Amino acid sequence: MQPMAVQPECYDCLLHMAELTVNLAARDPGKQARARDLARAIVHEEFRPGAVPACIANRVHRAIREQTGNPDPYSARKREETAYLGRIYTRIAPAYQEDLDSLLRLAVVGNAIDYFRNEEEVSREILTPAAWGHADLEPFRRRLEDSRGTLLYLADNAGEQFFDLPLVAHLRRRGWQTLFAVKGGPVQNDLTREDLYASGLGELLEPLTDTGARTVGLVPAETSAAFQNIYAAADLILAKGMGHFETLSQFPDPRVFFLLQAKCPPVAQALGVPHRAFVLKQAPGS
């Protein structure tokens with residue numbers, strides 16, 4: 001596994017993300033034009049060797065929010081995705097057993113949701129039983145069995161909480177104090193407290209925390225002081241989604257296990273897995 005850094009194809013992907021966000025954030029053509037020009041300028045300025053795509057995206061999102069005055073451009077999209085994933089979860093959950101491997105696969109298949117892909121394509125993938133492209137299952141199992149403590153579960157997209165809940169409940173039954181962490185405010189289609197409680201799963205996933213930051217992935221230095229303390233004290237960290245891999249792969253830390261689908265070739269290459277593979281990967285030590 002290599003730390004994630006931009007590849008040439010990331011440039012067009014970032015511009016695509018910016019265009020989608022601008023169109024969701026404002027209807028006024030003038031606001032759209034100003035936000036679009038600013039977003040494109042940021043991508044051009046920040047795109048250089050060693051840059052992290054998620055960090056560039058975070059600056060783009062901040063600029064679009066400020067330029068359009070829309071604090072949550074993806075709000076309608078998140079409601080649609082949450083309703084869709086809630087429906088499809090009830091169809092596929094019975095196909096998975098109650099053991100750790102099955103519950104990890106159930107959790108990761110929910111990560112197939114992607115604002116770049118249409119619902120039909122995502123449905124085909126989610127309805128197919130998840131098979132690992134790579135799974136550090138035994139190291140994760142050993143960490144769970146060797147000790148007990150605090151496990152920080154870093155949530156990803158709105159709607160995935162349906163798929164996360166059985167795994168979180170299992171980890172808690174095993175004696176781990178599992179703290180479910182959402183974003184500190186709206187960014188892209190990531191899960192917030194408001195999104196979680198609107199789905200009806202807030203109380204079931206308590207105890208909760210949030211990062212105190214509105215970032216794709218997690219940049220520890222940008223989170224709240226309270227969350228930084230929680231992060232530092234965690235005995236084990238399960239980080240869902242590509243954004244968390246992109247940002248946290250910069251910091252070697254064997255407490256971290258990444259749980260995601262490698263939805264783009266650069267992420268797959270960094271992880272050493274096929275494109276679209278489902279992955280459970282332990283971060284290397286320092």
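Numbers for the structure displayed
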{"item": "Among residues of the stretch 48-60, those that are of a type outside the set (Gly, Ala, Ser), assigned to a helix (DSSP H, G or I), out of contact with any Pro (no Cβ under 8 Å at 6 or more places or on another chain) and in contact (Cβ under 8 Å) with a residue 24 or more places away in the chain, counted", "result": "4"}
{"item": "Checklist (1) modelled with pLDDT under 95; (2) in contact with a His (Cβ under 9 Å, 6 or more places away or on another chain) applied to residue 252, failing item", "result": "(2)"}
{"item": "Verdict on residue 21 being in the same structural domain as residue 127 (by TED's automatic domain parsing) and either surrounded by 16 or more Cβ atoms within 10 Å (Cβ to Cβ) or not hydrophobic (A, V, I, L, M, F, W, C) (or both)", "result": "no"}
{"item": "Residue match in the stretch 61-73 (condition: within 20 Å of residue 267 (Cβ to Cβ) and modelled with pLDDT of 95 or more)", "result": "yes"}
{"item": "Per-region count, the stretch 255-286, residues buried (at least 16 other Cβ atoms within 10 Å of the Cβ) and modelled with pLDDT under 95", "result": "2"}
{"item": "Residue within the stretch 136-146 that is closer than 19 Å to residue 203 by Cβ, assigned by TED's automatic domain parsing to the domain that holds residue 198 and in contact with a helix residue (DSSP H, G or I) (Cβ under 7 Å, 6 or more places away or on another chain) present", "result": "no"}
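The values are calculated or read from the model by the stated rules, or taken from the named source; none is laboratory data. All values reported here derive from a predicted model rather than from experimental measurement. When we count neighbours, we look across all protein chains shown, and the Cβ atoms used for this are built from the backbone with ideal geometry, even at glycine.
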